[in-house]
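Input: a single structure, listed below in structure tokens.
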Amino acid sequence: MDMNAFSLQGKVAWITGASYGIGFAIAEAFAAAGATIVFNDLNPEKTQMGVEAYAAKGIKAHGYTCNVTDEAAVQALVKQVEEEVGTIDILVNNAGIIKRIPMIEMSAADFRAVIDVDLNAPFICAKAVIPGMIKKGHGKIINICSMMSELGRETVSAYAAAKGGLKMLTRNICSEYGEYNIQCNGIGPGYIATPQTAPLRERQADGSRHPFDQFIVAKTPAARWGNPEDLQGPAVFLASDASNFVNGHILYVDGGILAYIGKQP
Ligand code: NAP
Ligand code: GCO
């Protein structure tokens, strides 16, 4: 086997919402594999923070400020990237939010806001890049799903609905555009230590670990939270030619949590 199949040399990769967190780690790995990095953030200050964070790692990333829920802004971003950097070969739909509210206390506006970022935006971004991928004769789309693409839990109804929908959007893009040599797959991270999950890990007033932290560690065969770096290898694989016959698949990177019923208390 030619191990260059895992190379991203010469490819333009757009990772949405990647000033930090999971998106930043994935972009870092793509750069190490040879890709040119494009990222966006909602907020100009954080976009600049991201550019500097990438530079600190020796990566010249192209940062843009764009709300991924705004179709006109996304279409304009893709056009600008095509003019300034090149046609996008790899899209990672990473930008996401969560609102942890008991369902019957959640406003419809809050529910819609989560669906908008976590499901509508991946549609908007994929729709914007697929024409260029068809012209080039290849493309990779990676949707960052979640364990909540498979399971529910209290207070995350909107997020689970969005991530469940994102699993099926992944399969539908696979079905509709596979004939153009476009592969669309998902990565389903387990519980990863990022700002998004910081509230679930914060120390209690008495210095003890958060009950949810203890629960997740007990429920995960790996007996630990994941780190963004745990997602780098799977992401490079799904972005590279090594996965050209993998399509419509959700790759769970969760330390085994989805396979495990959990320890007897
Ligand atoms: P995070 O730390 O909260 O970062 C989310 C990123 O998305 C931020 O850079 C944020 O920008 C950006 N963003 C949010 N809304 C946006 C919008 N409308 N337009 C553009 N950018 C936007 O999240 P994370 O933990 O790295 O998670 C990244 C992805 O992985 C999300 O899709 C999340 O659902 C998924 N995931 C996370 C975990 C986990 O345990 N952490 C597990 C499974 C899946 P601002 O900073 O400007 O708000
Ligand atoms: C939560 C967490 C999870 C993780 C992730 C798990 O509140 O349960 O935020 O949703 O973010 O999605 O895969």
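The values are calculated or read from the model by the stated rules, or taken from the named source; none is laboratory data. As the structure is a computational prediction, the values presented were derived from the model and not from experiment. Virtual Cβ from ideal backbone geometry, glycine too; neighbours counted across all protein chains shown.
What to note about this one:
- Any hit, the stretch 86-106, residues being within 30 Å of Asp241 (Cβ to Cβ), buried (at least 23 other Cβ atoms within 10 Å of the Cβ), more than 14 Å from ligand 1 (Cβ to nearest atom) and within 18 Å of the chain's Cα centre (by Cα): yes
- Residue count for the stretch 143-159, restricted to those that are assigned to a helix (DSSP H, G or I) and either touching an Asp or Glu at 6+ places or on another chain (Cβ under 8 Å) or within 11 Å of ligand 1 (Cβ to nearest atom) (or both): 5.
- Any hit, the stretch 9-26, residues being in a helix (DSSP H, G or I), surrounded by fewer than 22 Cβ atoms within 10 Å (Cβ to Cβ) and more than 9 Å from ligand 1 (Cβ to nearest atom): no
- Selected residue (only one of Val117, Val156, Val81 is touching a residue at least 60 places away in the same chain (Cβ under 8 Å) and either closer than 17 Å to Val38 by Cβ or not basic (Lys, Arg) (or both)): Val81
- The listed residues are Cys125, Cys145, and the only one of them that is touching a helix residue (DSSP H, G or I) at 6+ places or on another chain (Cβ under 9 Å), modelled with pLDDT of 95 or more, closer than 15 Å to Leu77 by Cα and of a type outside the set (A, V, I, L, M) turns out to be Cys125.
- Residues that are in contact (Cβ under 8 Å) with a residue 40 or more places away in the chain, farther than 18 Å from Asn120 by Cα and in a helix (DSSP H, G or I), drawn from the stretch 166-206: Ser175, Tyr177, Gly178, Tyr180, Pro195, Gln196, Pro199
- Ala222 being small (Gly, Ala, Ser), closer than 13 Å to Val253 by Cα and at pLDDT below 95: yes
- Set side by side, the residues Lys140, Lys163 differ, and just one is of a type in the set (D, E, K, R) and part of a helix (DSSP H, G or I), which is Lys163.
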